[in-house]
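See structure below.
The values are calculated or read from the model by the stated rules, or taken from the named source; none is laboratory data. For clarity, every value in this text was computed on a predicted model and none was experimentally measured. Every residue, glycine as well, gets a Cβ built from its backbone with ideal geometry; the counts of neighbours run over all protein chains shown. Accessible surface is based on the protein model in full, side chains and every heavy atom, while ligands, DNA and RNA are left aside. Shrake-Rupley method; radii C 1.70, N 1.55, O 1.52, S 1.80 Å.
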Amino acid sequence: MRARYNSSTWNILYDAGTEQSIQLKQANAAEFQKCLELYFEKNFTETQKIFNKICERKPQDKLAAIYSQRSLKNGMSGVPEG
């Protein structure tokens, strides 16, 4: 089963956490959005670099970590069909 993230999922994950966590997410929101655009354009090399930077600043950002791992995998082996 594959997880699919849409705007509702993003809002739930975005709103979860402490006030400090939410503030950090807000500070990274524009960069995160640009990175998602690159991801869906299949620019996995650049996407992974940016998501890794986000993970360095905020190691507990699970969504950034998921997309970083997927970017690495998709960049190496291609996008799965379906």
Filtered residue count, the stretch 49-82, keeping only those that are under 13 Å from N28 (Cβ atoms) and among the basic types (K, R): 3
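If I filter the stretch 1-28 down to residues being part of a helix (DSSP H, G or I) and touching a helix residue (DSSP H, G or I) at 6+ places or on another chain (Cβ under 8 Å), which single residue comes out as modelled with the highest pLDDT?
Applying the filter and picking the extreme gives N28.
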Number of positions in the stretch 37-49 that are open to solvent by 30 Å² or more (accessible area, probe 1.4 Å) and assigned to a helix (DSSP H, G or I): 6
